[in-house]
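Note sheet for the following structure.
The values are calculated or read from the model by the stated rules, or taken from the named source; none is laboratory data. Source: prediction; values computed, not measured. Here Cβ is always computed from backbone atoms with ideal geometry, including for glycine, and neighbour counts include all displayed protein chains. Accessible surface areas use protein heavy atoms only, side chains included; no ligands, DNA or RNA. Shrake-Rupley method; radii C 1.70, N 1.55, O 1.52, S 1.80 Å.
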Amino acid sequence: MRETVLNKDDMVYPVFVKDGTGIKEAISSMPGQYRFSVDTLEAECAEIVKLGLKSILIFGLASHKDEMATDSYNPNGAVQNAIRMIKSKFPNMVVMTDVCVCGYTNHGHCGIVHGDYVENDETLEVLQQMAVSHAEAGADIVAPSAMMDGQVGAIREALDAHHYERVSIMAYSAKYYSACYGPFREAADSAPQFGNRATYQMDIGNTREALKEIEIDIAEGADIVMVKPAMLYMDIIAKAKEMTLVPMAAYNVSGEYAMVKAAAANGWIDEKRVMMEMLLSMKRAGADLIITYFAKDAAIEIDRN
């Protein structure tokens, strides 16, 4: 009689990729997670497929950083090469890609910076080039996460202009200025070198603003909308689910993952039970997709039960 059931198809597994060969670097703040080169990512994808997972979200580490994030749309960048490899070796896998410049700028902000300001409209042009480069490589879904105003509409326009009408957009619509992103910034080498991201990410106290952002992204052409983080913002997921008919994604972020891992390592909680309860609660709140570093472990638990 259980009303909500967690399935493998509900989950998206995030991966980090960088240039080079033979690389599988452990991420110290995220036990069980790694940075891969494209060749070692192939073995990881084979394991993902064997576990019955169907979707991944790729984050790239830049080999070159500059003020204009030029490596983000390099046709031979790590992300672009990873997409081509996956689509060649695992054609049925759904490939999603993060579209943001924080890992490609030498200052770590999610936009082009001049003086003390992040230049919204100038950043949109870079995001357009980045999204098109991912589509050219074979991405199924691009996921703009920079929180620039108008990013969904700009990317939709660019994709359509290059005849990638079938590439979908998963918008980071309600991405809060959260303290839970620290481990990710280590993983992606994307921490801001000065200031913070409070001016373009969402205020943690705001609900109506989140719903407004979601409405705007849908109007601009988003196929999926997202709330991030998931665990601390389930009220936002639930409210957003009630107001929209498009699929709702929730990002179970790095800090949420690390907290569970740390508590389990100290013997304070039952990791597997907490993991499954946490993911199920996200789906119960209204998430149709859950982006989570626990996806592989959760798939194993689903098979056991």
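Remark: spin-label model distance LEU232-ARG2 equals 2.8 nm, labels positioned 7 Å along the Cα→Cβ axis.
Helical runs (DSSP H, four residues minimum) scored at -39500 (n - 2.57) apiece and divided by the length of the chain put the mean residue ellipticity at 222 nm at -12500 deg cm²/dmol. With a simple spin-label model that places each label point 7 Å from the Cα along the Cα-to-Cβ direction, the separation between THR199 and ASP149 comes to 1.3 nm. Length gained on full extension, ASN76 to VAL274, computed as 0.36 nm times the residue gap minus the Cα-Cα distance: 67.3 nm.
Of all DSSP beta bridges confined to region 113-247, the antiparallel ones make up roughly 20%.
When the accessible area of region 1-77 is computed with all protein chains present and a 1.4 Å probe, what percentage of it is carbon and sulfur?
50 percent
For region 37-112, averaging the sequence separation of C-alpha pairs within contact (under 8 Å, six or more residues apart) and dividing by the residue count gives a relative contact order of 39 percent. Placing R0 at 41 angstrom, the Cβ-Cβ distance between GLU136 and TYR177 gives a FRET efficiency of 0.80 after rounding to 0.05.
Note on the chain: with a GNM built from Cα contacts shorter than 10 Å, the maximum mean-square fluctuation among ASN74, ASN266, ASN120 falls on ASN266. For the chain, leaving out every one of the trypsin sites (Lys or Arg not before Pro) that falls in a DSSP loop and has at most 14 other Cβ atoms within 10 Å, the longest unbroken run is 3-165. Within region 113-141, name every residue whose backbone N is under 11 Å away from a label modeled 7 Å from Cα of ALA161 along the Cβ vector. Only 125-126, 128-129 fall inside the zone, counting backbone N under 11 Å.
Beyond 23 Å in Cα-Cα separation lie the following of the pairs LYS87/LYS283; LYS24/LYS50; LYS54/LYS272; LYS241/LYS296; LYS212/LYS261: LYS87/LYS283; LYS241/LYS296; LYS212/LYS261. Note on the chain: the C-alpha convex hull projects to 15.3 nm² when averaged across all orientations.
With viscosity set to 0.890 mPa s at 25 °C, what whole-number translational diffusion coefficient in µm²/s follows for region 150-295 from Stokes-Einstein and a Kirkwood radius over Cα pairs? Using the Kirkwood radius from Cα pairs, D works out to 150 µm²/s.
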